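Taking it in order: structure first as structure tokens, then the write-up.
Please treat every number below as a calculation from the coordinates, not as lab data. Computed from a prediction, not measured in an experiment: that's the story for all the values here. Heads up, the Cβs are rebuilt from the backbone with ideal geometry, glycines too, and the neighbour counts pull from every protein chain shown.
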Amino acid sequence: MTTTPSDKALVPFVSVDHMMQLIHYIGAEDMLRGLADYIEVDFRRWQLFDKTPRVASHSAEGVIELMPTSDGDVYGFKYVNGHPKNTREGLQTVTAFGLLADVASGYPVLLSEMTLLTAMRTAATSALVARLLAPKHSKVMAMIGNGAQSEFQTLAMKAICGLREVRLYDTDRAATEKCAANLAGLGLTVTQCTTAEEAILGAQIITTCTADKQYATILSDNMIGSGVHINAIGGDCPGKTELAPAILQRSEIFVEYPEQTRVEGEIQQLAEDHPVTEIWQVLTGAAEGRCSDEQITLFDSVGFAIEDFSALRYVRDQLQATGLYTALDMLADPDDPRDLFGMLQRARSD
Ligand SMILES: NC(=O)c1ccc[n+]([C@@H]2O[C@H](COP(=O)([O-])OP(=O)(O)OC[C@H]3O[C@@H](n4cnc5c(N)ncnc54)[C@H](O)[C@@H]3O)[C@@H](O)[C@H]2O)c1
């Protein structure tokens, strides 16, 4: 017997298709700005949140992680993987989905795809931080690693920081060509480079966004002059980094959540007590950001649960107006809450 689920059984579900429609409906740049605003609001109330380093399950080929947090009213988590070898098998390096729930009842209120949303939120976070830390009037970015994240990173820097030119480099020429083709016509000067050195020529912002399951040196010390902002995205797991330690020693380092970044970020290469500044403190004015034109600022980004919480909150706030979701029969709702078994019995078809 087929039963019709009650309203209490239904949870809004945002599929990949709905997420793509939502991004196009709002406009990618407007949505990146909107996400950055939501992330900023939540970073400013940082102390209110339950915080824990993400729970990681490592294997030879990758990692699967759970990222929970709560602001006391709403609880959220994301499931995300990182498998650098996946693209060779026609799969994404990173996929994700996530959920928001009402703390008072424990009932889920949103289930969403988060592969696209993670790319959007990561880019929005990078640009929010670059707006705080990058040299004033930064117009040129080097984008090293031209995979799935790269166009999102570039577009967010345009939408939020006023970027005009991007200089692309990837060890795989086909990735650079893909990225350049995708960025064509979006209002940026796009230059394809054949070395990382060439890509960083004249750039005030340097983004590293490569995927490798080991220590790599994407930037070596002699490549980095003074007065730049480094947005290091790809080093986000134990044993997976992108920058030469000497660069870290010359940089003012900014992080999301030190307890997680010291395990996963570039700073895993430094002493445990190496000074770092938390981004939320720069946003609230509790700590200084860039102090001079000559400084090298480094955002050692690994991605933190609050950014996903903000992104899901943003998506939830768009549902009513757009209707871009499906109501999913996800929660059992017996007439008598204690008669779960009776509900099961009544659903028998024979
Ligand atoms: N910090 C965060 O919040 C966050 C969020 C999402 C993804 N990430 C990380 O960002 C990285 C990139 O993600 P993606 O989805 O774009 O991966 P991807 O596999 O789609 O792209 C990675 C690209 O890096 C290139 N590459 C590898 N080694 C290189 C090198 N030495 N020099 C130049 N290019 C090189 C590859 O050819 C590939 O094109 C991953 O490591 C991922 O874990 C971080």
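Numerical summary
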read-out	value
FRET efficiency, L344 to R44 (Cβ-Cβ, R0 51 Å, nearest 0.05)	0.65
Distance from the stretch 241-260 to the stretch 155-218 (C-alpha centre basis), Å	21 Å
Label-point separation, N182 to D336 (7 Å along Cα→Cβ), nm	5.5 nm
Neighbourhood net charge (15 Å Cβ-Cβ; Lys/Arg +1, Asp/Glu -1) for L183	-1
Ranking of K78, K136, K178 by count of other Cβ atoms within 10 Å, fewest first	K136, K178, K78
The chain: antiparallel DSSP beta bridges as a percent of all, rounded to 5	50 percent
Test item: Cα-centred dipole of the stretch 123-303, Lys/Arg +1 and Asp/Glu -1 on Cβ, debye	640 debye
Cβ-based net charge around T194, under 13 Å, with every Lys or Arg adding one and every Asp or Glu removing one	-3
Charge tally in the Cβ shell below 15 Å around T326, where Lys, Arg are +1 and Asp, Glu are -1, T326 excluded	-3
Taking only Cα atoms of the chain, radius of gyration then Dmax in Å	21.4, 77
Cross-link pairs beyond the 24 Å C-alpha cut-off, checked among K78/K213; K158/K240; K8/K51	K158/K240; K8/K51
Where GluC sites (Glu not before Pro) fall in DSSP loop in the stretch 229-275, at most 10 other Cβ within 10 Å	E272
Centroid-to-centroid separation of the stretch 66-117 and the stretch 283-322 [C-alpha atoms, Å]	17 Å
